[in-house]
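A quick write-up on the structure given underneath.
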Amino acid sequence: MFISIFKSAPKFYARAPGRVNLIGEHIDYCGYAVLPMAVEQDILIAAEPVTTPVIHLANTNPLYADFSTNANDIQINQTKPLWHNYFLCGFKGIKDHFSLDKPSGLNCLIEGTIPPSSGLSSSSALVCCAGLVTLMANGKTLPKVELAELCSKSERYIGTQGGGMDQSICFLAEKGTAKLIEFNPLRATDVKLPGGAAFVIANSCVEMNKAATSHFNIRVMECHLATKLLAKSRRLDWKTTEKLQDVQIKLKLSLEEMLDVVDEVFHPEPYSIEEIGENLGISLKELRTEILSQNTQVVTTFKLYQRAKHVYSEAARVLKFKEICVEAPDNAVRLLGDLMNESHASCRDLYECSCPELDQLVDICLQSGAVGSRLTGAGWGGCTVSMVPIEKLERFLANVKEAFYAKNDQGLAVEESSLFATNPGDGARIFLEA
Ligand code: GLA
């Protein structure tokens, strides 16, 4: 296909995997560790550097229209981001990092097997893959950790204020192991999952494009505002305290103690923007211009108690999950399942990032033999991940297929991409023509 489109052969290939987050949702941008693994589904790019300063993008899927642009004039559309904008994020990230005046032009054919808008990080895989292609085409190198950090920043050109989980696991994943990803500094530690259980991904088939709505950025802002109010209430310098983790570090408290602080400081009723301004002792104007982001300007109430409760308790669950994997007690599968269930309840009730279809799918998965089941990724649609004892796997798959997919109102056909068991896959890499 590349040859028929570009009339020459690709010079190299890059691949970048999607991921499934086992536990630790919506806490990476608060500074806390998360526990994902790469999936086998990926983005693959066949690439050829060209001497003209033009980027030509084609996609093997006819749903995604071809795109061309001048390599020196990268415009990223934040209001209605189309697929190629994610490529441009990766390209621009590398271009800016190396201050490339004359970045190489590119012919690229892109193929993706990660279901889009499903919480399996198809967008970050495309950003990372494009970053890798641009790096290679311009004869540059970077350590994986730096590439991951750079691609995390670059994806924000699209307008979402994500953390670094997706890009980090994309580059740092290794076959056969999940990873505990910690930030500041970024590092990844192997987490050996217990034998005897499979991780099964099931798609709720509700699409959630986090760049097209403001749910995601509102949550990021609620965490940011909660940070400021907590810091102020404990007489810390709230202006320089940015993340919920910073409050914990400055107060030198455990996560459990932070939960008590949240109970003392916040009321469960939503905070009006006026009340937040009063609490911080700043005017509404200052609050709007100095703290609120572009797409949270119109929001008038913020749930600070619930969001902070979720973050500190979820951060503690990640550490417990890892500990159980290391200590591997006889009942490890049951204990990990319990943590996944608590995580889902917290996402649903406190963070409010679930949706009725995801909740229904989680219930069906639990009734079908999973010991734990939860939404994975940003939420508001997309996939669940369930932990299923191996001996129950076959029945589990048949039951979920029957109860969710066959009975779904839309009569959804179960394709391989809607319901599948997965193993920890490998990270992003380049393949050269032999
Ligand atoms: C998206 C973001 C991640 C993370 C998850 C929620 O995937 O890109 O950084 O915040 O949502 O855990």
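The values are calculated or read from the model by the stated rules, or taken from the named source; none is laboratory data. The structure presented is a predicted model; accordingly, all values stated were derived computationally and were not measured. Reconstructed Cβ throughout: ideal geometry from the backbone, glycine too, with neighbour counts over all protein chains shown. These accessible areas exclude ligands, DNA and RNA; they are computed on the full protein's heavy atoms, side chains included. Shrake-Rupley method; radii C 1.70, N 1.55, O 1.52, S 1.80 Å.
Residues checked against (1) in contact with a helix residue (DSSP H, G or I) (Cβ under 6 Å, 6 or more places away or on another chain); (2) under 27 Å from Leu244 (Cβ atoms); (3) away from the ligand (no atom under 11 Å from the Cβ):
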residue	(1), (2), (3)
Phe6	no, no, yes
Lys11	no, no, yes
Asn21	no, yes, no
Ile27	yes, yes, no
Cys30	yes, yes, no
Ala33	yes, yes, yes
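Filtering Cys108, Cys89 for residues that are more than 16 Å from the ligand (Cβ to nearest atom), closer than 27 Å to Gly425 by Cβ, in contact (Cβ under 8 Å) with a residue 40 or more places away in the chain and surrounded by 19 or more Cβ atoms within 10 Å (Cβ to Cβ) leaves a single hit, Cys108. Within this structure, Ser124 passes the test of being within 15 Å of the ligand (Cβ to nearest atom) and not hydrophobic (A, V, I, L, M, F, W, C).
Given the criteria farther than 18 Å from Ala198 by Cβ, assigned to a loop (DSSP other than H, G, I, E, B) and in contact (Cβ under 8 Å) with a residue 40 or more places away in the chain, does Gly377 qualify? Steps first, answer last, please.
On the way: farther than 18 Å from Ala198 by Cβ: yes; assigned to a loop (DSSP other than H, G, I, E, B): yes; in contact (Cβ under 8 Å) with a residue 40 or more places away in the chain: yes.
Yes; evaluated as a whole, the condition is true for this residue.
Here Met136 clears all of (1) modelled with pLDDT under 95; (2) assigned to a helix (DSSP H, G or I) except the condition numbered (1). Applying the condition of being open to solvent by 10 Å² or more (accessible area, probe 1.4 Å) and in contact with a His (Cβ under 8 Å, 6 or more places away or on another chain) to segment 360-383 and asking which residue is nearest to the ligand (Cβ to nearest atom) yields Ala378. Picking from residues in segment 197-214 that are in contact with an Asp or Glu (Cβ under 8 Å, 6 or more places away or on another chain) and open to solvent by 20 Å² or more (accessible area, probe 1.4 Å), the one that is farthest from Thr296 (Cα to Cα) is Cys205.
Looking at segment 1-103, the strands (runs of 3 or more DSSP E) lying wholly inside it that each contain 1 or more residues that are among the hydroxyl-bearing types (Ser, Thr, Tyr) and in contact with a Phe, Trp or Tyr (Cβ under 7 Å, 6 or more places away or on another chain) sit at 12-23. Test Asn341 against the stated conditions and say whether it is open to solvent by less than 60 Å² (accessible area, probe 1.4 Å) and modelled with pLDDT under 95. When the stated conditions are applied, Asn341 does not pass them. Inspection of segment 154-170 identifies no residue that is within 21 Å of the chain's Cα centre (by Cα), surrounded by fewer than 18 Cβ atoms within 10 Å (Cβ to Cβ), away from the ligand (no atom under 16 Å from the Cβ) and of a type outside the set (Ser, Thr, Tyr).
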